[in-house]
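A quick write-up on the structure given underneath.
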Amino acid sequence: MSKICVIGTGYVGLVTGTCFADLGNEVVCLDIDETRIERLKNGIMPIYEPGLQQLVSQNVKAGRLTFVTNYEKALKDAEFAFIAVGTPSGVDGEADLQYVRSVAESIADQVEDKIFVVNKSTVPVGTGDWVADIIRKRRAGKPLEFSVISNPEFLREGSAINDFMYPDRVVLGSTDRVAASKVAQLYLTLRCPIMITDLRTAEMIKYASNAFLATRISFINEIANICEELGADVRDVALGMGYDKRIGSAFLDAGLGWGGSCFPKDVKALAHMAAIHGTHPQLLQAVMDINRNQRRRVIYKLRKALGSLNEAVIGILGLSFKPNTDDIREAPALELIHLLQNEGAIIKGYDPQAMENAAQVLKRVQLCENPYQVAEGADALVLATEWNEFKQVDFDRIYTSMKKPIIMDGRNLWDGEKLRSMGFAYYGMGRGGFNNGNSD
Ligand code: UGA
């Protein structure tokens, strides 16, 4: 059993702290947001993450997990301080490190004599050294035994607990091998490969992993667009590629492209790091361009199908950036809505979990209670997020309630052939015949 303090209760910090508690450690989760901590103490989660609420309450009950706002309390006796605070995008795409700095300063101010500082926030390469420097300078004259270890997270929203408990690997970066081995012990029970590198390499593994996954998606989206023009079906193309073990099948689902709080921010930050260090990140730029274009393609198809989008009623199914989360940050649906509204379209929308978050930012959107309300009187229906709930919708009901039976399946969720036979004009993403055949 180890004593761990996790700083930041966003999805990374909260999941990490809760899972470490579940593995038998004594964990204190700290956040400076008092309302958030108060709510957590009352069992109210700040995010929707399957299984999290139950795991938090089990571990709070067992006395292994507590929530505080006070650094002194949180760091008292802690052996490990995990930094899991946000690193939002700055104006040029660079990561904004103000929260990381403030945590480093608080650690320097509050820790008695000894601590392992483990960084889980996604930070530019070199930040670990910068954190060490901040702590060292702030403690000048009052010695502190500490090491900074980079421990990037690979948790996906929606399956974060599973990703923590069954990781493909754990990466630890530090020049201090003893410190890295100490952190490694926290993960030993997970029985996965643990890789120890230097600090900067670990930081880069995180960026390179996210950028590579985003690249795969942009790649298949480019192939999808070519498929669409040439009459091939990208779903089978991806399947056929994926059987090749060198390629694999994950992250080859064509659609509206990637969003969320990680890929957009991290690809941009990596490109920014590359550019300011004199390399020309052409591939990363293309990956971002293709992603932006996926949304525009849908608008183009809608315009083609409807003539003008001005005053057209467009229903959007799914507002979160992917299923099983209420997170709408950089969600493709939001960008679509923005582009459609610019052309004068009237928007209706529904999401199984993200309505509260959506209501805060989507002021001119009619938020509905279910997919059928969205379809009522719509000129076209766009599926933006492939929630399970949308798989088995009653298409007869949707057909009779829509003004025009036009469906844009932005995630290739539905059986296009069946929908066409029911009388819908169906458009998928990269599904050759369906896309061109129906409207032309
Ligand atoms: C991503 C990574 O997968 C995690 O490993 C990483 O830890 C996390 O970012 C992070 O840096 O914190 P996440 O953003 O939760 O996780 O979501 P993903 O499941 O990776 O999906 C990202 C986006 O790509 C979503 O918008 C999703 O709809 C899209 N996507 C994914 C596709 O368009 N096609 C695919 O085949 C897969």
Taking Cα pairs under 8 Å and at least six residues apart, what relative contact order does the range 3-197 come out at, in percent?
19 percent
Above-threshold pairs, the threshold being 28 Å between Cα atoms, out of 206/348; 61/120; 137/182; 3/120; 3/142
206/348
Which residues' amide hydrogens lie under 5 Å from the amide hydrogen of residue 6, considering only partners 5 or more residues apart or on another chain, with H built in the peptide plane?
28, 29, 30, 82
Charge dipole magnitude, Cβ of K and R +1, D and E -1 - the chain, Cα centre, debye nearest 20:
280 debye
Would you work out which of 167, 111, 189 lies farthest towards the positive end of the dipole of the range 3-197, given +1 charges on the beta-carbon of Lys and Arg and -1 on that of Asp and Glu, about the Cα centre?
189
Plugging the Cβ-Cβ distance of residue 243 and residue 415 into 1/(1 + (r/R0)^6) at R0 = 22 Å yields, to the nearest 0.05, a FRET efficiency of 0.45
Give me the lysines in straight-line cross-link reach of residue 304: C-alpha distance below 19 Å, same-chain residues under 8 apart excluded.
403, 404
Mind ordering 262-271, 355-364, 99-108 by average Cβ neighbours within 10 Å, highest first?
262-271, 99-108, 355-364
Cross-link pairs beyond the 26 Å C-alpha cut-off, checked among 114/265; 301/322; 268/322:
114/265
When we measure straight from the Cα of residue 245, which lysines land under 18 angstrom away, once same-chain ones fewer than 8 places off are left out?
none
Excluding residue 41 itself, what net charge comes from residues whose Cβ is under 12 Å from its Cβ, given Lys and Arg +1 and Asp and Glu -1?
-1
How about residue 76: which aspartates and glutamates have a C-alpha closer than 16 Å to its C-alpha, ignoring those fewer than 8 places off in the same chain?
26, 31, 105, 109, 112, 113, 145
Relative contact order (percent, whole number), the range 213-436, Cα cutoff 8 Å, 6+ residue spacing:
24 percent
Using a 1.4 Å probe, how large is the accessible area of residue 420, given in Å² and rounded to the nearest 10?
80 Å²
Grab the alpha carbons of the range 3-197, take their convex hull, and tell me the volume per residue in Å³.
116 Å³
Positive-end residue, the chain charge dipole about Cα centroid, Cβ charges, pick of 74, 333, 308:
74
Which value, in Å² and to the nearest 10, is the accessible area of residue 182 when all protein chains are kept and the probe is 1.4 Å?
90 Å²
As a test of the formula, what do you get for the chain when each DSSP H run with n ≥ 4 contributes -39,500 (n - 2.57) and the sum is divided by the residue count, at 222 nm and rounded to the nearest 500 deg cm²/dmol?
-14000 deg cm²/dmol
Between the alpha-carbon centers of the range 341-413 and the range 1-56, tell me the distance in whole angstrom.
34 Å
Given an 8 Å cut-off on Cα distances and at least 6 residues of separation, report the relative contact order of the chain as a percent.
12 percent
Run the dipole for the range 3-197 about the Cα centre, Lys and Arg Cβ at +1, Asp and Glu Cβ at -1, nothing else charged, and hand back the magnitude in debye, nearest 20.
480 debye
How much length would be gained if the chain were fully extended between residue 343 and residue 195, taking 0.36 nm per residue of separation minus their Cα-Cα distance, in nm to one decimal?
48.2 nm
Describe numerically, in nm with one decimal, the distance between label points set 7 Å from Cα along Cα→Cβ at residue 57 and at residue 96.
3.5 nm
Once phi for every residue in the range 313-322 is put through the Karplus expression 6.51 cos²θ - 1.76 cosθ + 1.60 (θ = phi - 60°), the whole-Hz ³J(HN,Hα) values, with Gly and Pro written as x, are 8, 10, x, 10, 9, x, 10, 6, 6, 6
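The values are calculated or read from the model by the stated rules, or taken from the named source; none is laboratory data. Keep in mind it's a predicted model, so treat the numbers as computed, not measured. Glycine gets a Cβ as well: all are built from the backbone with ideal geometry, and neighbour counts include every protein chain shown. Areas reflect the complete protein model, heavy atoms only, side chains present, ligands, DNA and RNA absent. Shrake-Rupley method; radii C 1.70, N 1.55, O 1.52, S 1.80 Å.
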